[in-house]
Every structure is written in C-alpha cells, then in structure tokens.
Amino acid sequence: MDRNHTDGETKRNDETAVALLLRSPHLDVGQIMELMDIGDREFREMAGRNETIARRLEERRLGTLRELKSDPRPCKACGEWFLPYGSDRFCSDGCKRTAQLSACRRRTV
C-alpha cells in the first residue's frame, strides 16, 4: 500500500472520528481538537471539505444539536445491563472478545 493511500485513509478516519465526537454535547470543540491532536488550521480544513463536520458545527452554533438517547440493554455475552454507544451489543471489549472466541469455536467444531 503506498503512502498517499495510507495518508488519505488516515485523514478520512480522523474526519469520521471528529464528526462522531462533535455529536457529543459534553465535549467542546477545543477538547475534541486536543483529543485528536489536531491544530486549528487542520480543523478548519476538515470543516471546509467534510459536510458532516460543517453541519455539526453549525448545529452546535445554533443550539440545535440533538442529544442522542440510549436505553439500557443486556450484554449479549454476559447478560449485564449497560448503556450502549451506538449499536454496541457488548458491555466491554472483554465481552466482545469472548463472544468472538465463542463464535470461532462454534465454527471449528
């Protein structure tokens, strides 16, 4: 894989992460930039080329950013109740790995 392809993929991943972080009303833009280790110039460039980031910034400015609600659900691995982020089916990385190992074992048996 050439370096330009990798750099482009990294930029897309960073932009996706920034767009997701901007959904949280608990983080301000400065915190997001710090978490992502992004400078002001780079952040402005992202907002200029990424429609989702620009839209989320505008929603924040207007105060129309919808807070995402999540209902508790049981973990598919251990059965404990947890508050999922997005479409999470497991309460932790450990439970996710356990479920993946169990699925691998079932396929090989």
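Miscellaneous remarks
- Set side by side, the residues Pro84, Pro25 differ, and just one is over 26 Å from Gly8 (Cα atoms) and assigned by TED's automatic domain parsing to the domain that holds Gly8, which is Pro25.
- Within region 43-95, considering residues that are loosely packed, with under 10 Cβ neighbours inside 10 Å and among the polar types (S, T, N, Q), the one modelled with the highest pLDDT: Thr64
- Within region 46-85, the set of residues being among the β-branched types (Val, Ile, Thr) and either over 18 Å from the mean Cα position of the chain (by Cα) or part of a loop (DSSP other than H, G, I, E, B) (or both) comprises just one member, Thr64.
- Subset of region 29-45 [touching a residue at least 24 places away in the same chain (Cβ under 8 Å) and in a helix (DSSP H, G or I)]: Val29, Phe43
- Residue pairs meeting the criteria (Cβ under 6 Å; at least 6 apart or on separate chains; first free of Cβ contacts under 8 Å to residues at least 24 places away in the same chain, in region 50-61; second surrounded by 14 or more Cβ atoms within 10 Å (Cβ to Cβ)): Ala54/Ala47; Glu59/Leu65
- The number of residues in region 51-109 that are within 30 Å of Asp40 (Cα to Cα) and hydroxyl-bearing (Ser, Thr, Tyr) comes to 3.
- Lone unmet requirement of (1) in a helix (DSSP H, G or I); (2) of a type outside the set (A, V, I, L, M); (3) loosely packed, with under 12 Cβ neighbours inside 10 Å for Thr98: (3)
The values are calculated or read from the model by the stated rules, or taken from the named source; none is laboratory data. Model, not experiment: these values are computed from the prediction. Using ideal geometry, Cβ is built from the backbone for each residue, glycine included, and neighbour counts are taken over all protein chains shown.
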